[in-house]
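Working notes, beginning with the structure itself.
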Amino acid sequence: MKLNTTQRKKFRVRNKLKKNANKDRYRLSVSRSLKNFSAQIIDDANNKTLLSASSIEKDIKSSPKTNKISTSRIVAEKLAKKALDKKIKKIYFDRGKFKYHGRVKEFAETLRKNGMEF
């Protein structure tokens, strides 16, 4: 099976993460499109999604008009709040095929400010 460039990038990052991963941490996977931003915390041992947050959710979408970076901050705050309620503090940050720049970087920094460790 031949993979294109974006698939190779995604697998390269994800496989490095899984190879070095401990069982005491979960993986935070990030996804973004031109308009929306979403993230989910995944338990790779059981192949289950524990938590998720997205800019498509009603309470985020109904908020006043914001730019894309501030939307990613809002999603990060919501996800951090949910994670801390479930007593999840330590995670691995899986940026996927996206560069650690712009919205992804702002998302990660907001998570760190709200008590997440990675």
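The values are calculated or read from the model by the stated rules, or taken from the named source; none is laboratory data. Because the structure is predicted, anything quoted here is derived from the model rather than measured. Cβ atoms come from the backbone with ideal geometry, glycine included; neighbour counts cover every protein chain shown.
Computed quantities for the displayed model
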{"item": "Test set (1) modelled with pLDDT of 90 or more; (2) more than 15 Å from the chain's Cα centre (by Cα) - K18 fails condition number", "result": "(1)"}
{"item": "Index of the failed condition, G115 passing every other in (1) closer than 25 Å to T6 by Cβ; (2) surrounded by fewer than 20 Cβ atoms within 10 Å (Cβ to Cβ); (3) under 15 Å from the mean Cα position of the chain (by Cα)", "result": "(1)"}
{"item": "Residues that are within 10 Å of Y92 (Cβ to Cβ), not aliphatic (A, V, I, L, M) and not in a loop (DSSP other than H, G, I, E, B), drawn from the range 23-32", "result": "Y26, R27, S29"}
{"item": "Residue that is out of contact with any Leu (no Cβ under 7 Å at 6 or more places or on another chain), exposed (fewer than 12 other Cβ atoms within 10 Å of the Cβ) and modelled with pLDDT under 90, where the choices are K99, K9, K48, K2", "result": "K2"}
{"item": "Subset of the range 22-34 [surrounded by 15 or more Cβ atoms within 10 Å (Cβ to Cβ) and closer than 19 Å to K86 by Cβ]", "result": "R25, Y26, R27, L28, S29, V30"}
{"item": "Qualifying position, being crowded, with 17+ Cβ neighbours inside 10 Å, in contact with a helix residue (DSSP H, G or I) (Cβ under 9 Å, 6 or more places away or on another chain) and either closer than 20 Å to L34 by Cα or of a type in the set (V, I, T) (or both), among I69, I74", "result": "I74"}
